[in-house]
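The values are calculated or read from the model by the stated rules, or taken from the named source; none is laboratory data. On a predicted model such as this, the values are computed, not experimentally measured, just so you know. Reconstructed Cβ throughout: ideal geometry from the backbone, glycine too, with neighbour counts over all protein chains shown. Only protein heavy atoms, including side chains, enter the accessible area calculation; ligands, DNA and RNA are left aside. Shrake-Rupley method; radii C 1.70, N 1.55, O 1.52, S 1.80 Å.
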Amino acid sequence: MAQARLDRRDQITGWAFIAPALILLGLFMIYPIVWSLWMSFQVGKGMNLSFGGFANIMRLTKDPVFLRALGNTFTFFIVQVPIMIVLALLFAVALNDSTLRFRGLFRTAIFLPCVTSLIAYSTVFKSMFATDGIINEALMAVHLIGAPIGWFSDPFWAKVAIILAITWRWTGYNMIFYLAALQNIDRSIYEAARIDGVPAWARFRYLTIPMLKPVILFTTVISTIGTLQLFDEVYNFTAGNGGPSDSTITLSLYIYNLTFKFMPSFGYSATVSWVIVVVVGILSFLQFLVARDRRRSA
Amino acid sequence: MTSTTMAENTASAATKVGLATGAAPFRLIRRGLVYLLLSIAAFISVFPFYWMVVGATNPSAEIIKGKATLGGSLLTNAATFFAQVDAPRIFFNSAFIAVIATALTLAISSLAGYGFEMFRSRVRERIFGLLLLLLSIPFAAMMVPLFVMFSQAKLVNTYVAVILPTVASIFIIFYFRQATKAFPSELRDAAKIDGLKEWQIFLFVYLPVMRSTYAAATIIVFMANWNNYLWPLIVLQTAENKTITLILSALTSAYTPDYGMILFGTVLATLPTLIIFFLLQRRFVEGMLGAVK
């Protein structure tokens, strides 16, 4: 086994293989992260910074735009991630059936959105969501709505449009992870369950879900991180302002605006970015807890 | 689950199955629903691509009125696009950045993945664990210091600034380490007995054997770089250095965007990733399987 003690030469070779990556990560990731943590306690404009202790954290609690951005980011996260994960699971299970015809075609079609850039697809969606555009036209044709929706002038519908767009872009991506994991599951378990007369939904609930739990956890954490960093789509949909009236502004967009749009306040924007770190940390931890609890009770 | 509830479940399940198999139409209906669901999903997934291509042939005024059939404005849209965008230069920027970044990322991250897996030691395992923790730190948390670093080094608005921070990717290192677990150790042992040095084993044994892993990683990394937005938006500041992604976004932000022209550009920007995906599709799924195992 590779666990056997390495001799001196192997030790040196081992370090040599990982050294380029470690140097680059140290320089362009760890150093900036530590720096931004330090920066988050600095106050002032531009490069004129001085130590402000907890001043930035106090400022967070009284900053309406920050609170708005935090709320919006949570809304996107709570609504979008579960919808996407459930849809991806559903498609993966349906496509895992080897008797299904046109499997390859369906799989390719559903995965296709992942090849587009976030900017390209949000541009396409923006043109589809125009007030007299194809989406409103289609919804009116099937009498789901009576009058056109102002997708980007109404705070509620602007959020809906963004959630629809993100779901379109990422569902197939998550589905591929589930498909891959499903193909690793031993088919004989399903056969045995079927012969014992276990119905399809129960096979799904008591066989598929528990066996996919690690992958579901993985995709949930990845999607959580992705949603909390939401930037490109909102920036492109709203021409960079998170409108109408901040109703779609996200934490990342606010950090960008604080740093590069207004008079730069590096310290305060670093504080906001650490809010994302803390939230991601808490949510990932909670997701791990939930996954572990379920395993214990099962 | 206790044996009694198991028995109960099985019993009630058996009656249900009896009903279902007794009535073949029920199974047919379920089948039909599955096809319907998948067809709707496939349609929704593909429609925006159709819309993009059709839009490139229509004038902007028709597009925002929902016209979804081919029009006659393709040449006008192309002419407007090429008049407003220095396309050769912009696509060169995108391609150069994506190709160099992909090559460097694959080289550096596969070396590290191999190193972490083949030469395990307690210190390196700790470092690896730390890297996995860092994976969850969002880019926003480092972008301000990164920008200050590059502006102090007078590298803002250069390719170097776009490429360097992306080449050591923790995700790709992790991916290669996972894939290396499936690399047959007999091959390495045999090569060692033949007197090959470790770098020779990596280059002449590992690399050819792992080519589908590299293919999959190529797709993931190339697409990420070609489509990268936030960091290039920050460091590329003059028009002639921007990537196609940045230009498209700038065109869309106009007060009244010319969608015909923009969708024409979007088609051009999406083609490279589409082509790569269709060429390497099977490899891609193989590679993904390797990563999840």
Test for A:Ile145: is it more than 12 Å from chain B (Cβ to nearest Cβ), within 27 Å of A:Ala291 (Cβ to Cβ), open to solvent by 30 Å² or more (accessible area, probe 1.4 Å) and among the β-branched types (Val, Ile, Thr): no
Is one or more of the residues making up the stretch A:61-74 assigned to a helix (DSSP H, G or I) and facing chain B (nearest Cβ under 8 Å)? no
Go through the stretch B:202-233 and give me each residue that's of a type in the set (S, T, N, Q) and at the interface with chain A (Cβ under 10 Å from one of its Cβ atoms). B:Asn227, B:Asn228
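Residue-by-condition table, conditions (1) touching a Leu at 6+ places or on another chain (Cβ under 8 Å); (2) exposed (fewer than 13 other Cβ atoms within 10 Å of the Cβ); (3) under 30 Å from A:Phe51 (Cβ atoms):
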| site | (1), (2), (3) |
| --- | --- |
| A:Ser188 | no, yes, no |
| A:Asp196 | no, no, no |
| A:Trp201 | no, yes, no |
| A:Phe218 | no, no, no |
| A:Ser252 | yes, no, yes |
| A:Leu258 | no, no, yes |
| A:Ala291 | yes, no, no |
Filter the stretch A:98-117 down to residues that are among the aliphatic types (A, V, I, L, M) and surrounded by 19 or more Cβ atoms within 10 Å (Cβ to Cβ) and give me whichever is farthest from the chain's Cα centre (by Cα). A:Ala109
For the stretch A:81-90, check the following and say yes or no: at least one residue is touching a residue at least 40 places away in the same chain (Cβ under 8 Å), open to solvent by 40 Å² or more (accessible area, probe 1.4 Å) and among the hydrophobic types (A, V, I, L, M, F, W, C). yes
Working only within the stretch B:138-162, note down all residues that are assigned to a helix (DSSP H, G or I) and crowded, with 21+ Cβ neighbours inside 10 Å. B:Ala140, B:Ala141, B:Met142, B:Met143, B:Val144, B:Pro145, B:Leu146, B:Phe150, B:Ala161, B:Val162
Evaluation of A:Leu95 against (1) open to solvent by less than 50 Å² (accessible area, probe 1.4 Å); (2) more than 9 Å from every other protein chain (Cβ to nearest Cβ) (one fails), failing number: (2)
Conditions first: (1) more than 21 Å from B:Phe43 (Cβ to Cβ); (2) crowded, with 20+ Cβ neighbours inside 10 Å; (3) modelled with pLDDT under 90; (4) of a type in the set (Gly, Ala, Ser). A:Ala158 passes all but one, so which condition is the exception? (3)
Being more than 10 Å from every other protein chain (Cβ to nearest Cβ) and within 18 Å of the chain's Cα centre (by Cα) is the requirement here; does A:Phe288 meet it? yes
Considering every residue within the stretch B:170-183, establish whether at least one is outside any loop (DSSP other than H, G, I, E, B), assigned by TED's automatic domain parsing to the domain that holds B:Asn241 and open to solvent by 60 Å² or more (accessible area, probe 1.4 Å). no
Where in the stretch B:73-137 are there helices (runs of 4 or more DSSP H), lying wholly inside it, with at least 1 residues that are in the same structural domain as B:Arg211 (by TED's automatic domain parsing) and in contact (Cβ under 8 Å) with a residue 60 or more places away in the chain? B:74-84, B:87-118
Output the residues belonging to the stretch B:116-134 that are surrounded by 15 or more Cβ atoms within 10 Å (Cβ to Cβ) and more than 8 Å from chain A (Cβ to nearest Cβ). B:Phe128
The stretch A:231-246, subset under 14 Å from A:Arg68 (Cβ atoms) and under 19 Å from the mean Cα position of the chain (by Cα), residue modelled with the highest pLDDT: A:Val234
Does A:Asn174 meet the test of being touching a Leu at 6+ places or on another chain (Cβ under 9 Å) and surrounded by fewer than 14 Cβ atoms within 10 Å (Cβ to Cβ)? no
Given (1) open to solvent by less than 30 Å² (accessible area, probe 1.4 Å); (2) within 11 Å of chain B (Cβ to nearest Cβ), number of the condition A:Ile30 does not satisfy: (1)
How about the stretch A:191-298: which helices (runs of 4 or more DSSP H) wholly inside it have at least 3 residues that are charged (D, E, K, R)? A:266-297
Pull up the stretch B:234-250, narrow it to residues that are open to solvent by 30 Å² or more (accessible area, probe 1.4 Å) and touching a residue at least 24 places away in the same chain (Cβ under 8 Å), then point me to the one that is farthest from the other protein chains (Cβ to nearest Cβ). B:Glu240
Just to be sure I understand, how many residues within the stretch B:32-41 are open to solvent by less than 80 Å² (accessible area, probe 1.4 Å) and either over 30 Å from the mean Cα position of the chain (by Cα) or farther than 17 Å from A:Ala138 by Cα (or both)? 6
Restrict the check to the stretch A:38-52 and report whether at least one residue is touching a residue at least 24 places away in the same chain (Cβ under 8 Å), of a type in the set (A, V, I, L, M) and in a helix (DSSP H, G or I). yes
